[in-house]
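A.B. asks: Submitted below is the structure of interest, expressed as structure tokens.
What follows draws every value from the coordinates through simple rules; no lab data is involved. This is a predicted model, so every value here is computed, not measured. We place every Cβ from the backbone using ideal geometry, glycine too, and count neighbours over all the protein chains shown.
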Amino acid sequence: MSGRSPEIAGIAEKVRSGERIQTDEARWLWFNATDDQMRTLSSTVRARFHPRDRCTYLIMRIVNYTNVCVAQCDYCAFYRLPGQDGGYVLSRDAVFEKLDELLQLGGDLAGFNGGFNPHLPLNYYCDLFAAIRERYGERLEFYALTIAEFMYLADHAKLDYLEAAQRFQNSGVRWITGGGSEILTEDFRRRHSKFKYTVTEYFEAQRALVDAGLNTTATMVIGFDESIDERLEHLERTRQFQDETGGLASFLCWTYKPYFTQLGGIEVGTGEYLRHLALSRIYLDNISRIRTSVLTQNERALEGLLYGADDFDLPIEDEVTQKAGATINRDFQPILDYARRLGFQPEYRHVARGHAVEPVAVS
Ligand code: SF4
């Protein structure tokens with residue numbers, strides 16, 4: 001490793017020997033380590049979980065079933081307030097059409113993500129998810145909600161989180177992701193998203209999901225106005241939750257898209273994103289799957305495989321990020337070719353238990 005200093009030598013030795021790094025060491029790496037050093041250290045941790053030359057991918061679609069939302073996050077370009085022009089709720093047929101198309105394109109994972117719509121009660125969701133499970137069986141898997149929506153629905157129905165989790169589970173739901181987390185510090189929530197949840201509530205809800213036996217994930221979004229210490233606090237809370245529960249199947253970080261939002265701002269560059277991915281892989285030594293975001297970084301997200309990531313989505317739709325400037329290319333071949341040029345053999349990671357359709361969009 002070039003440019004060695006006593007600090008980097010000490011941290012590198014810890015990482016090599018499998019010893020956990022502390023938050024102040026992560027901060028030191030962020031400000032002082034070279035990109036090469038971040039690559040090397042994150043690849044060392046990655047190799048503990050995955051073969052060096054392999055990566056996996058999913059073909060998936062986000063179904064944005066409603067854009068009506070009362071949370072009013074200032075970084076969101078997607079929502080409409082109740083009664084405002086442009087608000088919508090997808091019909092069940094429209095949802096099925098989107099899922100049919102996903103299957104035709106070879107995908108087998110849908111993620112549902114919408115707003116906090118006060119006109120849609122918990123039963124609306126339970127009925128929808130039960131109908132999806134009945135229609136598609138094991139050919140398709142779905143991430144039913146993000147935790148943020150789950151918390152809103154539970155509160156709205158006056159159920160505690162465990163009861164709400166069990167209601168969804170009884171409707172055929174297996175996954176509720178950690179989406180909607182952005183930056184998990186109370187100060188960030190107050191600055192940008194004060195009606196959504198508190199961080200304490202977020203982890204209470206996630207613990208209830210794990211206790212109910214549902215699958216869940218960790219997510220993070222960088223590039224708002226958060227400080228490095230806020231990013232580290234997010235990672236620290238995530239690592240601690242995983243120590244306590246072991247319930248996080250993966251960690252996915254993506255970058256904030258600032259276009260057409262009230263908050264605005266300048267997009268984080270790929271270089272900074274890759275360094276953050278590396279830091280996440282090194283710090284989150286208890287999460288095996290670290291995912292890189294093609295949705296927000298396009299083809300260059302694949303360079304994340306050199307910075308600790310091992311898995312990525314090939315998305316065919318996500319209106320929330322597309323409204324704020326994300327672009328989606330359904331021709332997946334160049335993206336997979338790029339992974340190969342970087343030295344990785346990509347393998348389709350089917351999520352549905354009974355997948356039968358091979359991808360047509362991928363040769
Ligand atoms: S980010 Fe989600 S919760 Fe916040 S305003 Fe947008 S749709 Fe609503």
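A.B. asks: Read phi for every residue in the stretch 252-261 and hand back ³J(HN,Hα) as whole Hz from Karplus 6.51 cos²θ - 1.76 cosθ + 1.60, θ = phi - 60°, with x for Gly and Pro.
C.D. replies: After applying 6.51 cos²θ - 1.76 cosθ + 1.60, I find 10, 10, 9, 10, 5, 9, x, 6, 6, 9 Hz.
A.B. asks: At 0.36 nm per residue, minus the direct Cα-Cα distance, what do Glu267 and Glu319 gain on full extension? Give it in nm, one decimal, please.
C.D. replies: 16.9 nm
A.B. asks: Which trypsin sites (Lys or Arg not before Pro) in the stretch 280-346 sit in a loop by DSSP (not H, G, I, E or B) and have at most 15 other Cβ atoms within 10 Å of their own Cβ?
C.D. replies: Qualifying residues, ordered by number: Arg330.
A.B. asks: Considering the Cα positions of the stretch 161-230, please state its Rg to one decimal place and its Dmax as a whole number of Å.
C.D. replies: 13.5, 41
A.B. asks: I need Met220, Met38 ordered by Cβ neighbour count within 10 Å, fewest first.
C.D. replies: Sorted ascending by nearby Cβ count, the order is Met220, Met38.
A.B. asks: Moving on. Which value, in Å³ per residue, describes the convex hull spanned by the Cα atoms of the stretch 129-194?
C.D. replies: Enclosed volume per residue, from the Cα hull, is 95 Å³.
A.B. asks: Normalized C-alpha radius of gyration of the stretch 77-156, against 2.2 N^0.38 Å?
C.D. replies: Output field value: 1.16.
A.B. asks: Further question on the same structure: Taking the number of other C-beta atoms within 10 Å as the exposure measure, put His276, His50, His156 in order starting with the fewest.
C.D. replies: Listed from fewest to most nearby Cβ atoms, that is His156, His50, His276.
A.B. asks: If N is the number of residues in the chain, what value comes out of its Cα radius of gyration divided by 2.2 N^0.38 Å?
C.D. replies: Taking the Cα Rg and dividing by 2.2 N^0.38 Å, one obtains 0.96.
A.B. asks: Going through the cross-link list Lys98/Lys158; Lys158/Lys196; Lys158/Lys323, which pairs have a Cα-Cα distance over 25 Å in this structure?
C.D. replies: Distance filter (> 25 Å) returns Lys98/Lys158; Lys158/Lys323.
A.B. asks: Got a sec? How would Asp155, Asp36, Asp85 order by Cβ neighbour count within 10 Å, fewest to most?
C.D. replies: Exposure proxy ranking, most exposed first: Asp85, Asp36, Asp155.
A.B. asks: Only sites in a loop by DSSP and with at most 14 other Cβ atoms within 10 Å count here; which trypsin sites (Lys or Arg not before Pro) in the stretch 170-210 make the cut?
C.D. replies: Lys194
A.B. asks: What is the distance in Å between the Cα centroid of the stretch 296-327 and that of the stretch 181-242?
C.D. replies: Centre-to-centre distance over Cα atoms comes out at 20 Å.
A.B. asks: From the backbone phi of the stretch 91-105, what are the Karplus-calculated ³J(HN,Hα) couplings (6.51 cos²θ - 1.76 cosθ + 1.60, θ = phi - 60°) in whole Hz, Gly and Pro given as x?
C.D. replies: In residue order, the calculated couplings are 6, 4, 4, 5, 5, 4, 4, 5, 6, 4, 5, 4, 4, 4, 7 Hz.
A.B. asks: If I measure Cβ to Cβ between cysteines in the chain, which ones have no partner under 4.7 Å?
C.D. replies: Within the chain, the cysteines lacking a partner Cβ under 4.7 Å are Cys55, Cys69, Cys126, Cys253.
A.B. asks: As I understand it, the value is the acute angle between the Cα axis of helix 35-46 and the longest principal axis of the Cα atoms of the chain; what does it come to in degrees, rounded to 10?
C.D. replies: Helix 35-46 and the main axis of the chain meet at about 70 degrees.
A.B. asks: Classify the stretch 240-363: rounded, prolate or oblate, from the alpha-carbon gyration tensor (a ≥ b ≥ c, eigenvalue square roots; a/c under 1.5 rounded; otherwise prolate if a/b is larger than b/c)?
C.D. replies: rounded
A.B. asks: Further question on the same structure: How many nm is it between the label spots at Lys14 and Thr198, if each spot is 7 Å from the Cα in line with the beta carbon?
C.D. replies: About 3.1 nm separates the two model spin labels.
A.B. asks: For the stretch 114-159, which trypsin sites (Lys or Arg not before Pro) are in a loop by DSSP, counting at most 14 other Cβ atoms within 10 Å?
C.D. replies: Lys158
A.B. asks: Find the Cα radius of gyration of the stretch 1-135, compare it with 2.2 N^0.38 Å by division, and give the number to two decimals.
C.D. replies: 1.63
A.B. asks: Give the shape of the stretch 100-212 as rounded, prolate or oblate, defined through the alpha-carbon gyration tensor: a ≥ b ≥ c are the square roots of its eigenvalues, a/c under 1.5 means rounded, and otherwise the shape is prolate if a/b is larger than b/c and oblate if not.
C.D. replies: Judged from the Cα gyration tensor, the stretch 100-212 comes out prolate (a/c at least 1.5, a/b above b/c).
A.B. asks: What do you get for the angle between helix 147-156 and the principal long axis of the chain? Use alpha-carbon atoms, 0 to 90 degrees, nearest ten.
C.D. replies: That works out to roughly 40 degrees.
A.B. asks: Using a/c under 1.5 as the rounded threshold, could you call the stretch 38-87 rounded, prolate or oblate? The axes a ≥ b ≥ c are square roots of the C-alpha gyration tensor eigenvalues, and prolate needs a/b larger than b/c, oblate otherwise.
C.D. replies: Taking the square roots of the gyration eigenvalues as a ≥ b ≥ c, the stretch 38-87 is prolate.
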